[in-house]
Amino acid sequence: MTAVKQWGFFFDAAACSGCKACQVACKDRHDLKAGIHWRRVYEVGGGVWTPKGKAWEHGVLAYNISMACNHCRNPLCADSCPTKAITKRPDGLVLLDTTLCIGCRYCEWACPYGATRFDAATGLVTKCTFCVDAVDAGEPPACVAACPGRALDFGDFDDLKKKYGGTGRIFPLPEEDQTEPALVIRPHRDCARAEGAAVDVINWEEV
């Protein structure tokens, strides 16, 4: 295997059933406390039913987004950290050294994906590690291994783009140019109709 220039995730929104096996696997592997989610499954939904003659025509839509740290090529979290606790490895992984974290939460405010998570019990921020120990050993991240629908994959970012095509953004994710996420997405068929529609994340209490 050639040296990885930038690890990244692939997410197939069309294949994701929202089962949250990825989220549970992440919490189990890293023994995360209640309320700390390094990977989250957002349920996006909305739309309206419109009367059409004696019938009703539906314009409703729904899809899921499984999201962790995107190990961005331009990580604003690292730029905002006053103690340099967040660094980017040569292979692109963005890692946080909790021994240097002072809990200022600047990284939390800087990340447009909500990837850094504050632990009120310790007063420190934590985040997805890409299961770096497993990946360094040639194994997949726990979230990827757990997905029953194979909606998640990982690999070199350029290889993922060649393999899957797709995009780096679907509604309601931020524009890619903010942080250049190492994320390739195959959109759900409803994603194109979500932009500008009466659609939002409908499970904020879970994520």
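Among the DSSP beta bridges whose two residues both lie in the chain, what percent are antiparallel, rounded to the nearest 5? It would help to have the intermediate numbers written out before the result.
Working: 26 of 30 bridges.
Counting DSSP beta bridges with both partners in the chain, the antiparallel share is about 85 percent.
As a test of understanding, state the convex hull volume per residue of the chain from its alpha carbons, in Å³. Display every interim value, and only then the final one.
Details: hull volume 26.8 nm³, N = 207.
About 129 Å³ per residue, rounded to a whole number.
Under 5 Å between amide hydrogens, which residues at least 5 positions from C128 or on another chain qualify, with H placed 1.01 Å from N in the peptide plane?
C69
How large a share of the accessible area of region 31-126, in percent, is made up of carbon and sulfur atoms when the probe is 1.4 Å and the other protein chains stay in place? List each step's numbers first, then the result.
Details: 2790 of 4730 Å².
On region 31-126, the fraction of accessible area on carbon and sulfur atoms equals 59 percent.
Determine the per residue accessible area of region 4-84 with all protein chains present and a 1.4 angstrom probe, expressed in square angstrom. Let's see the in-between values first.
Details: 3850 Å² over 81 residues.
Accessible area per residue: 48 Å².
What number comes out for the charge environment of W204, summing +1 per Lys or Arg and -1 per Asp or Glu over other residues with Cβ under 14 Å away?
Charge balance in the 14 Å sphere: -3.
So what is the accessible area of region 104-207 per residue, in Å², with the probe set to 1.4 Å?
Numbers: 5190 Å² over 104 residues.
Accessible surface, normalised per residue, equals 50 Å².
So what does L160 come to for accessible area, using a 1.4 Å probe and Å² rounded to 10?
So the heavy atoms of L160 present about 10 Å² to solvent.
Pairing the Cα long axis of helix 21-30 with the longest principal axis of the chain, what angle in degrees results, from 0 to 90 and rounded to the nearest 10?
20 degrees
Accessible area of region 135-196 with a 1.4 Å probe: how many percent of it is carbon plus sulfur?
Working: 1480 of 3200 Å².
Result for region 135-196: 46 percent of the exposed heavy-atom area is carbon or sulfur.
Pairs of lysines 8 or more apart, or on different chains, with alpha carbons under 28 Å: count those in the chain, would you?
Lysine pairs satisfying the spacing and distance rule in the chain number 28.
Would you mind getting me the FRET efficiency between V201 and E57? Use the beta-carbon distance for r and R0 = 25 Å, nearest 0.05.
Between V201 and E57 the formula returns 0.50.
So what's the net charge close to L96: Lys and Arg +1, Asp and Glu -1, counting the other residues with Cβ under 13 Å from its Cβ? Could the numbers behind the result be given before it?
On the way: positive: K84, K88, R89, R105, R117, K127; negative: D97, E108, D119.
Result for the neighbourhood of L96: +3.
Summing Lys, Arg as +1 and Asp, Glu as -1, what charge do residues with Cβ under 10 Å from the Cβ of A15 carry, A15 excluded? Could the numbers behind the result be given before it?
Values: positive: R150, R186; negative: D12.
That works out to +1.
Relative contact order for the chain: what percent, with Cα pairs under 8 Å and sequence separation of 6 or more?
On the way: 402 pairs, mean separation 68.1, N = 207.
Relative CO of the chain lands at 33 percent.
The values are calculated or read from the model by the stated rules, or taken from the named source; none is laboratory data. Quick caveat, the model's predicted, so the values are computed rather than measured. So basically every Cβ, Gly included, is an ideal-geometry build from the backbone, and we count neighbours across all protein chains shown. Keep in mind that these areas ignore ligands, DNA and RNA; they rest on the heavy atoms of the full protein, side chains included. Shrake-Rupley method; radii C 1.70, N 1.55, O 1.52, S 1.80 Å.
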